[in-house]
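Let me begin by presenting the structure, written as structure tokens, before commenting on it.
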Amino acid sequence: MIILTDNIDFAGSYFRPPDNSVNNYGTPLTGLLEKKFFLFDSSSYQYELPFWKYGFITKYAEESQFDALMELSGQKIQIPDKIFCMADSGKKFHGFRNRKWESHTGNIHLSCYFKPYVSPGFVGLGFTMLAAVSVVETLNEIPQLNGMAKIKWVNDILIGSSKICGVIAQTQIQGDKVTDAVIGIGLNVESVPKIQPTSFVPTATSVNKESSQNYSAGYISHILLKKISENYNLLINEGVQSILKKYKENSLIMGRKISIWTDPHQASPVPIRSGIVKSIGDYLEIYLENSNTPITDGRIVLE
């Protein structure tokens, strides 16, 4: 794998250059991406990390790397397969439905790009599930957190009632194939962002707040990238049902009483339904015990 960065000290704290050797491994194609992602002149070096081909790492991102990857893929620019972008902090980071994500130094802000070339089906949801499941499995690798992280429908990861991570995913389809897929992950590791408490997200937390040992974002990122690669291969080779099974097994809402609220862009949300969750369908629709009508959108409040 090739690491490209405009801050060699920061990149080296995550992925140390072998023998501290730095060379120019860039290409005209990666040069286009470097101009998009970096503020300063970049350096590059080789790093042994299976599955991944390129890693673009910056201390500070002027824009959402997730949005940049989607923009470039929409312009039909031939982005290399299996690349990731990582920033310590930055501007314009966001979560699902463009909700602002507070970026704090010492936390993981990760975007990954893939060229799956598979039939659409409901594989688009598969990438949302892939990201969420990979985070849960990463947190399970931390002894003090094993079994504590759960997925709150549809794309938040909580420990107890506190949000530790949010994920997003988006795909591009050409003809009968998913040609591009991007996932975004914001995982609180070393610090807890200040948030405005709501019924949907009452509190936030971080890896280090929940564990008795301090972990670095660099250490956690290695586990996370490994889990993403494993689950990507599972999704592509065994199909979305393999990831869906993991998603359901790690769901926070199964058997729980919840209320569903509208999720308007500007107006205030209002409650629309409530009940105990009896199942999650193949398309991540929710079924309540008191109704056969599926829930396909909205926001959840745990009761």
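The values are calculated or read from the model by the stated rules, or taken from the named source; none is laboratory data. No experiment lies behind these values; they were computed from the predicted model shown. Because the Cβ atoms are built from the backbone with ideal geometry, glycine has one as well, and the counts that use them run over all protein chains shown.
Quick notes
One line per residue, one yes/no per condition, for (1) surrounded by fewer than 16 Cβ atoms within 10 Å (Cβ to Cβ); (2) modelled with pLDDT of 95 or more; (3) more than 19 Å from L158 (Cα to Cα):
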| position | (1), (2), (3) |
| --- | --- |
| V201 | no, no, no |
| A204 | no, yes, no |
| E210 | no, yes, no |
| G218 | no, yes, yes |
| Y232 | no, yes, yes |
| S251 | no, yes, no |
| S291 | yes, no, yes |
| P294 | yes, yes, yes |
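- Breaking point among (1) in contact with a Lys or Arg (Cβ under 8 Å, 6 or more places away or on another chain); (2) of a type in the set (F, W, Y); (3) under 28 Å from S191 (Cβ atoms), for Y247: (1)
- Any hit, the range 272-292, residues being small (G, A, S), within 20 Å of the chain's Cα centre (by Cα) and assigned to a loop (DSSP other than H, G, I, E, B): no
- Pair list, Cβ < 8 Å and 6+ apart or interchain, from the range 63-83 residues that are outside the structural domain of F93 (by TED's automatic domain parsing) to residues that are in a loop (DSSP other than H, G, I, E, B): none
- Any chance I164 is farther than 29 Å from T30 by Cβ, in contact with a Cys (Cβ under 7 Å, 6 or more places away or on another chain) and assigned to a strand (DSSP E or B): no
- Filter result for Y232 (under 30 Å from F84 (Cα atoms) and either out of contact with any Phe, Trp or Tyr (no Cβ under 9 Å at 6 or more places or on another chain) or not assigned by TED's automatic domain parsing to the domain that holds T171 (or both)): no
- Filter result (of a type outside the set (D, E, K, R) and surrounded by 16 or more Cβ atoms within 10 Å (Cβ to Cβ)) within the range 77-94: I79, I83, F84, C85, M86, A87, S89, G90, F93, H94
- The one condition from (1) in contact (Cβ under 8 Å) with a residue 24 or more places away in the chain; (2) out of contact with any Lys or Arg (no Cβ under 6 Å at 6 or more places or on another chain) that D263 does not meet is (2).
- Among the residues of the range 81-129, those that are in a strand (DSSP E or B) and either over 12 Å from the mean Cα position of the chain (by Cα) or polar (S, T, N, Q) (or both) comprise I83, A87, D88, S89, G90, K100, S111, F114, V118.
- 2 or more residues modelled with pLDDT under 90: qualifying strands (runs of 3 or more DSSP E) within the range 1-80: 43-46
- If you check Q213, Q196 for being in the same structural domain as K82 (by TED's automatic domain parsing), under 16 Å from L139 (Cα atoms) and in a loop (DSSP other than H, G, I, E, B), only one passes: Q213.
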